[in-house]
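Take a look at the structure below.
The values are calculated or read from the model by the stated rules, or taken from the named source; none is laboratory data. Nothing here was measured: the structure is a model prediction, and the numbers come from that model. Cβ atoms come from the backbone with ideal geometry, glycine included; neighbour counts cover every protein chain shown.
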Amino acid sequence: MKSRVSAIALFMCMLFLSACATLPPNKPNPGNPVRTIALMPMTNNTNDVEGSFVVRELLAAGLEGYFYTVKSLEETDLILKDQMGVTLGSQLDMATTAQLCEKLGTDALLFGSLEDFSQKITGIYNNKRVRLRVKLESCKTGKTVWKNGIGVKRVALAGDNMLKKIPGIAGAITAVGVASSVVSGLSDKGDAGLPKFRNEEIKTPWQDISEDNSSAEPSQLTGIGGKIVNKALNTPLLAETEAVVKILLHGDYDDGSDLIPYGTMIPFGPASPQ
């Protein structure tokens, strides 16, 4: 009887192998020489003054999930201001990577360029867009350790199902939706060719998460990894920014049926998890 039960259990495990198998957890990489990272003030190429601060806070929180020790943003900013006179990401070109590393005392520097941080409300549709490029440079070699770029956009209906019950509104919603999609597509093509960032080409494709319910609303108001992110709490683009950071660091996007690659995942760091 026991052998029969064992045979059935084995058969069921083979039949549902994915359910029986345990995926290996993410682990620190002791061979990675980059343990500490200073996240530089971001270059802000948008009209939103607060956007770069929101993205930077979420990036800092996200990096710790990849086993890096991230230097305090406040301490980084204080050192840059007092010792180098740098307060904006656009001023970082005045110093070399070696000079910045000497002042900050970390193994690597993460530079970022925010290319889009906007929402457009047309009355029926709300078009939200966040686009970001990043580059991790080694303090020891001065070379690029990792780079990636991604843009996330989401079109949401500014209303509920009651709107569709109003005579003629369904057709109007469809028409506006088509028009919004066309305009969004033209915009994507128009800004596809971004200039080099820190002397490197970084591909920054767009991903539409309009149908992704998991990304449509913020699952937490504490940012990535459950860590409180003060500035992000008040932004109307929290869900889109979280999606950008997650895709950027992980190097792919799960659309519910497949993994869409976006560059490469950031290498796991050697720091022990907190």
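Go through Leu114, Leu63, Leu104 for me and flag whichever is under 20 Å from Cys139 (Cα atoms) and at pLDDT 95 or above.
Working: Leu114 fails: under 20 Å from Cys139 (Cα atoms); Leu63 fails: at pLDDT 95 or above.
Result of the check over Leu114, Leu63, Leu104: Leu104.
For a quick check of your reading of the model, give me the residue pairs whose first member lies in the range 137-159 and is without any contact (Cβ under 8 Å) to a residue 12 or more places away in the chain, whose second is of a type in the set (D, E, K, R) and in a strand (DSSP E or B), with beta-carbon atoms closer than 9 Å and at least 6 apart or on different chains.
From the range 137-159, the pairs are Lys143/Glu137.
Condition check ((1) of a type in the set (D, E, K, R); (2) in contact with a helix residue (DSSP H, G or I) (Cβ under 7 Å, 6 or more places away or on another chain)) across all residues:
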site: Asn29; (1), (2): no, no
site: Pro33; (1), (2): no, no
site: Met42; (1), (2): no, yes
site: Val70; (1), (2): no, yes
site: Glu74; (1), (2): yes, no
site: Thr87; (1), (2): no, yes
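Name the single residue that is nearest to Val34 (Cα to Cα) among those in the range 89-109 being surrounded by 14 or more Cβ atoms within 10 Å (Cβ to Cβ) and charged (D, E, K, R). First the steps, then the outcome.
Taking the range 89-109 first, the residues surrounded by 14 or more Cβ atoms within 10 Å (Cβ to Cβ) are 89-92, 95, 97, 100-101, 103-104, 106-109.
The next check asks that each one be charged (D, E, K, R); those that pass are 103, 107.
Details: Lys103: 17, Asp107: 5 Å.
Within the range 89-109, the match that is nearest to Val34 (Cα to Cα) is Asp107.
Report, by residue number, each residue of the range 67-123 that is acidic (Asp, Glu) and either outside any loop (DSSP other than H, G, I, E, B) or at positive phi (or both).
Within the range 67-123, the subset acidic (Asp, Glu) is 74-75, 77, 82, 93, 102, 107, 115-116.
Selection gives Glu74, Glu75, Asp77, Asp82, Asp93, Glu102, Glu115, Asp116.
Being among the hydrophobic types (A, V, I, L, M, F, W, C) and modelled with pLDDT of 95 or more is the filter; apply it to the range 117-145 and report the residue that is surrounded by the most Cβ atoms within 10 Å (Cβ to Cβ). Step through it out loud before you land on a result.
Pass one, the range 117-145, residues among the hydrophobic types (A, V, I, L, M, F, W, C): 117, 121, 124, 130, 132, 134, 136, 139, 145.
Add one more test, that the residue is modelled with pLDDT of 95 or more, and what stays is 117, 130, 132, 134, 136, 139, 145.
Values: Phe117: 26, Val130: 30, Leu132: 28, Val134: 26, Leu136: 22, Cys139: 22, Val145: 21.
Filtering first and then ranking leaves Val130.
If you take the residues in the range 50-88 that are more than 24 Å from the chain's Cα centre (by Cα) and under 21 Å from Asn199 (Cβ atoms), which one is surrounded by the fewest Cβ atoms within 10 Å (Cβ to Cβ)?
Here is the first cut: in the range 50-88, the ones more than 24 Å from the chain's Cα centre (by Cα) are 78-86.
Narrowing the set further to residues that are under 21 Å from Asn199 (Cβ atoms) leaves 80, 84, 86.
Numbers: Leu80: 22, Met84: 16, Val86: 21.
Taking the candidates together, the pick is Met84.
So, in the range 240-270, how many residues would count as being surrounded by fewer than 20 Cβ atoms within 10 Å (Cβ to Cβ), touching a residue at least 60 places away in the same chain (Cβ under 8 Å) and among the charged types (D, E, K, R)?
Residues that pass the stated criteria total 1.
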